[in-house]
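As structure tokens, the structure follows; a few thoughts come after it.
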Amino acid sequence: MIIYVDIDHTICDVDAGPDYLDYSGAEPWQENIDKVNRLYDDGHKIVYWTARGSGTGLDWREITERQFEDWGVKYHKLILKKPLYDIFIDDRNINTTDFFNDFDKYRDEYLPRVDDNIIDNEDKSS
Ligand SMILES: [Mg+2]
């Protein structure tokens, strides 16, 4: 399956300030990172999708990629420029808290293993 994952307040804690200007001090939530890494290991395509810089126009790719390396984040793609919104109403959305609190249920019931990894692991662009 193709799984999109948010970054801030999903796999890390961050106080970017009132104008969302600084994500460099984000602190990893390793337990959540490990769970998403397990989905990667199960063969799912993991796409991190973030609004870092969407409001300011600043490019957070390099810092985010370095954080992912430091935190041991496994992923296939990092996409920035997620739209800004307050609430996301979507029939395929899973709330962060629900997902990580009930990880085993979601993993077993909703995310069947895939036998082979269909994704080009080298492509982390865009
Ligand atoms: Mg977030």
| Is it the case that some residue within the range 111-124 is modelled with pLDDT of 95 or more and either loosely packed, with under 11 Cβ neighbours inside 10 Å or touching a Leu at 6+ places or on another chain (Cβ under 9 Å) (or both)? | no
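So which residues in the range 38-53 are among the small types (Gly, Ala, Ser) and away from the ligand (no atom under 16 Å from the Cβ)?
Residue satisfying the conditions is Gly43 alone.
Just to be sure I understand, how many residues within the range 10-37 are surrounded by fewer than 13 Cβ atoms within 10 Å (Cβ to Cβ), within 11 Å of the ligand (Cβ to nearest atom) and either among the β-branched types (Val, Ile, Thr) or under 17 Å from Leu78 (Cβ atoms) (or both)?
Of the residues in that region, 0 qualify.
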| field | Number of positions in the range 88-109 that are under 14 Å from Asp42 (Cα atoms) and without any contact (Cβ under 8 Å) to a residue 12 or more places away in the chain | value | 3
| So Ile87, is it within 16 Å of the ligand (Cβ to nearest atom) and within 20 Å of Met1 (Cα to Cα) | no
| message | Regarding the range 67-82, can at least one residue be identified that is within 16 Å of the ligand (Cβ to nearest atom), surrounded by fewer than 18 Cβ atoms within 10 Å (Cβ to Cβ), modelled with pLDDT under 95 and over 19 Å from Asn101 (Cβ atoms)? | response | yes
| Restricting the first residue to the range 36-53 and requiring it to be among the hydroxyl-bearing types (Ser, Thr, Tyr), which pairs with a second residue that is part of a loop (DSSP other than H, G, I, E, B) meet a Cβ separation below 6 Å and a spacing of at least six or different chains? | Tyr40/Lys74; Tyr48/Ile7; Tyr48/Tyr75; Thr50/Ile7; Thr50/Leu80; Thr50/Lys82
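The values are calculated or read from the model by the stated rules, or taken from the named source; none is laboratory data. From a predicted model like this one, the values you see are computed outputs, not experimental measurements. As a convention, Cβ positions derive from the backbone with ideal geometry for all residues, glycine included, and neighbour counts pool all protein chains shown.
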